[in-house]
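Peer 1: Below are the structure tokens for one structure; questions will follow.
The values are calculated or read from the model by the stated rules, or taken from the named source; none is laboratory data. Treat the numbers as computed from the prediction; the structure is a model and nothing was measured. Using ideal geometry, Cβ is built from the backbone for each residue, glycine included, and neighbour counts are taken over all protein chains shown.
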Amino acid sequence: MNKQKTLIFSLSAMLFLTVSFLVYSWVEPTTTMPGSYTAPINTSGTAQTKTGEFGASSFIDADDSDYYINPSGSSVVSGKIVMEDSTASADTSTTVATKGYVDTEISRVESIVTGAQPLVNGAHVQSECVSIGGTVTASDVALSLCKIIASTCPSGWTQYKNYSATTSNSCSTGYSTC
């Protein structure tokens, strides 16, 4: 029985020493990682900074996969894309224009040039005002009105608010204008 106790004690001591050696022998590395090792991307909520280039075939919005940036193809983004203009003053930034925005602005300018700009109520356009002998005039709102010198408004035109000249034979038009 003494031999069994001695054997159990000896095995226990050896096991304890082995475990102690394994636990207490770990030493944190003190040098940088080998050149062939690539650090993984941090997947936690903590920010990560990278000094070199970062490559990917696309960058997908984590909140909505319908939005993405594909560096070598089409990208779909939502909201504004803002760029700092290095030639402008330090407090100036510009929003990148989209094709839709540019198309809308071109249509707006074309309508001004061709006289298709709407008048106050949207029923008539500036070229129609000119064609009936009226004058396009600024109004109390963003859109212009048509000033017509006549005793009554032409057919299809109505007086804008109570705009009129002091003489009885004048009619200033706007909302359908006259």
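Peer 1: Thr31 - would you say it is more than 26 Å from the chain's Cα centre (by Cα), modelled with pLDDT under 80 and not assigned by TED's automatic domain parsing to the domain that holds Gly79?
Peer 2: Yes: the conditions hold for Thr31.
Peer 1: Just give me the residues in region 61-81 being in contact with a Phe, Trp or Tyr (Cβ under 7 Å, 6 or more places away or on another chain), in a loop (DSSP other than H, G, I, E, B) and closer than 20 Å to Tyr101 by Cα, in sequence order.
Peer 2: Across region 61-81, the qualifying residues are Ser75, Val77, Ser78.
Peer 1: Could you give every pair whose Cβ atoms fall below 6 Å, whose first residue belongs to region 97-125 and is more than 30 Å from Gly79 (Cβ to Cβ), and whose second residue is among the β-branched types (Val, Ile, Thr) and part of a loop (DSSP other than H, G, I, E, B), counting only separations of at least 6 or pairs across chains?
Peer 2: Leu119/Thr177; His124/Thr177
Peer 1: Moving to a separate point now. Out of (1) modelled with pLDDT of 80 or more; (2) exposed (fewer than 10 other Cβ atoms within 10 Å of the Cβ), what's the single condition that is false for Ser75?
Peer 2: Only one criterion in (1) modelled with pLDDT of 80 or more; (2) exposed (fewer than 10 other Cβ atoms within 10 Å of the Cβ) is unmet by Ser75, namely (2).
Peer 1: Report yes if Ser57 is among the small types (Gly, Ala, Ser) and assigned to a loop (DSSP other than H, G, I, E, B), otherwise no.
Peer 2: Taking the combined requirement at face value, the residue satisfies it.
Peer 1: Restricting attention to region 137-167, and to residues there that are surrounded by 19 or more Cβ atoms within 10 Å (Cβ to Cβ) and of a type in the set (A, V, I, L, M), which single residue is nearest to Arg108 (Cα to Cα)?
Peer 2: Leu145
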